[in-house]
Amino acid sequence: MRPETPPEILLPATLGEALASLGERAAAPLAGGTWVMRAPLRREPFAPAYVGLSRIPELSLVEVTDDAIAIGAAVTHADLANALAGFPEFAGLRLAAGSSANPAVRSAATVGGNLCTADFAAADLVPALLCLDATVELAGPAGSRLIPLADFLAQRTGLLPGHILTKVVVARTGQRTAHARLPLRKAGDYPVAIVSVAMRVDAMERIGAARIAVGSVEATARRWTGLEDALLGEPLDGARTTGIAGSLLASFNGRDGVEAPGWYRVRVLPALAGRAVASLVAA
Amino acid sequence: MTIRLTVNGETREFAAAPMTPLVDVLRDGLHLTGAKPVCREGFCGACMVLVDAVPTVACLTPVALVEGRDIETVEGLTSGESPTPVQAALEEHDAVQCGMCFPGMVVALTHLTTSGTCEPNRAAVKEALVGNVCRCTGYERIVDAALAVMEAGHE
Ligand SMILES: Cc1cc2nc3c(=O)[nH]c(=O)nc-3n(C[C@H](O)[C@H](O)[C@H](O)COP(=O)(O)OP(=O)(O)OC[C@H]3O[C@@H](n4cnc5c(N)ncnc54)[C@H](O)[C@@H]3O)c2cc1C
Ligand code: FES
Ligand code: FES
């Protein structure tokens, strides 16, 4: 399925030029290309042209301050995992970035590409950032604005044309975080289901506040608020969490896919929630 | 468009459509047929090359994105005359069967045994080889060979 005229790739050096090119040519951004290059396998056409993001320096920065961490959209999974090495509070996000896909894909695939691919349900960074209550910055012809990640996910197909996601911002609040994913092989393939958690734990090791996100089960990752509420005041106990989570599955409608049927994705969630919480104990 | 790359130390300039996967440019344009397009999905690693010393799946790399970069293929990492430490260890451990995966495997193993990024233990080596699928060998001898090279390097 090669198109008649193969798409051009522009490689602007500034965000302004990149946005101008998107407007002029009905072009799409191209980051690591690990999703875009598989368009022929999905029987999808390429865009008429692509605007590469790799030469725009600010998009490849990770900036850490006392209050927040800002991750450029063109930062690769591998670079993100490295950048988070000294920050135990981001253990969950680090595991998501450092264990998705395989090493060669991780050194090409970017944070922006992971968040902007609306058709990709199994994205690891999406639930990992959702439980951190991340905010994304979206740049367009009218300037830049900050959008909570949950809102961005709900509206991204409408928001993205002509725009570039420039960075993701996460507040540093000292909570404990974890990311539990289930690929069917030990590694290398897409996770069947993902549970990412961020929790504040009191002096008695009881759960004081929890944000829990579920990925790969439905078309788009989302928070598991029923479990968040049910775990308040509970001890950090994996088995207990699994038990509580088992009765809170009614709201999930799992998607059927080649690797697993929908019911299976839902059925494994309590065990993944238990694993995620158990890994906070050691933290 | 005209693309300029350094391939195995030599500067090469040629015309290619910008979205052409690097693996096709190497094979069809430069006749370097070591890297193989097997899955074209980034899963199998048979197309693996080094781009600025980083293992890269050449099937998912649009050639325009590596303009001006340094590409090393299995042909550049090895020589016709004497086997490299990785090749010698693979032979010694009787690790090679059909050979489909091996050009990519040698690229991955060369990187993991020389870059200092991989701990010399089985779990770490297996983790580093997650993107190199072998349908024949069951991996254990490949892991043995990798560990032998790493241990020899530490002596
Ligand atoms: C073998 C393999 C295994 C994988 N396993 C996993 C896995 O386990 N977990 C996981 O999460 N992912 C996995 N992936 C998917 C991979 O992470 C995605 O393909 C990747 O995140 C996309 O990023 P990219 O930079 O390559 O995006 P690209 O392919 O460059 O772009 C993807 C889409 O996002 C748009 N886009 C990119 N950047 C921006 C931006 N800054 N602003 C606006 N739009 C943008 C593009 O226009 C395009 O529509 C796997 C991929 C492969 C090939
Ligand atoms: S052909 Fe590139 S990873 Fe399989
Ligand atoms: S030896 Fe046959 S695929 Fe690896």
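Hey, can you tell me all the residues within the stretch A:39-53 that are facing chain B (nearest Cβ under 9 Å) and surrounded by 20 or more Cβ atoms within 10 Å (Cβ to Cβ)? Of everything in the stretch A:39-53, those that are facing chain B (nearest Cβ under 9 Å) and surrounded by 20 or more Cβ atoms within 10 Å (Cβ to Cβ) turn out to be A:Tyr50, A:Gly52.
Report yes if A:Glu63 is more than 12 Å from chain B (Cβ to nearest Cβ), free of Cβ contacts under 8 Å to residues at least 24 places away in the same chain, acidic (Asp, Glu) and part of a loop (DSSP other than H, G, I, E, B), otherwise no.
Spelling it out, it is not the case that A:Glu63 is more than 12 Å from chain B (Cβ to nearest Cβ), free of Cβ contacts under 8 Å to residues at least 24 places away in the same chain, acidic (Asp, Glu) and part of a loop (DSSP other than H, G, I, E, B).
Report yes if B:Gly76 is within 16 Å of ligand 3 (Cβ to nearest atom) and either of a type outside the set (A, V, I, L, M) or within 14 Å of chain A (Cβ to nearest Cβ) (or both), otherwise no. Answer is no for this residue.
Output the residue which, of all residues in the stretch B:107-120 that are among the hydroxyl-bearing types (Ser, Thr, Tyr) and not in a helix (DSSP H, G or I), is surrounded by the most Cβ atoms within 10 Å (Cβ to Cβ).
Within the stretch B:107-120, the first condition is being among the hydroxyl-bearing types (Ser, Thr, Tyr), and the residues that meet it are B:110, B:113-115, B:117.
Among the residues that remain, those that are also not in a helix (DSSP H, G or I) are: B:115, B:117.
Working: B:Ser115: 13, B:Thr117: 10.
Within the stretch B:107-120, the match that is surrounded by the most Cβ atoms within 10 Å (Cβ to Cβ) is B:Ser115.
Scanning the stretch B:33-49 for residues that are more than 16 Å from ligand 3 (Cβ to nearest atom) and surrounded by 21 or more Cβ atoms within 10 Å (Cβ to Cβ) yields B:Gly42, B:Val49. For the stretch A:7-45: of the residues being within 25 Å of A:Ser100 (Cβ to Cβ) and of a type in the set (Lys, Arg), which is farthest from the chain's Cα centre (by Cα)? The selected residue is A:Arg43.
The single condition from (1) out of contact with any strand residue (DSSP E or B) (no Cβ under 6 Å at 6 or more places or on another chain); (2) within 23 Å of A:Asn102 (Cα to Cα) that A:Gly52 fails is (1). Residues that are of a type in the set (S, T, N, Q), crowded, with 18+ Cβ neighbours inside 10 Å and under 20 Å from A:Leu93 (Cα atoms) are absent from the stretch A:234-257. Does B:Met48 fit the bill of being within 20 Å of A:Arg55 (Cα to Cα) and either within 14 Å of chain A (Cβ to nearest Cβ) or more than 16 Å from ligand 2 (Cβ to nearest atom) (or both)? The answer is no for B:Met48.
Only the coordinates and a few stated rules stand behind these numbers; no lab work does. All of these numbers come straight from a predicted model, not from anything done at the bench. Ideal geometry is used to build each Cβ from the backbone, glycine not excepted, and the neighbour counts take in all protein chains shown.
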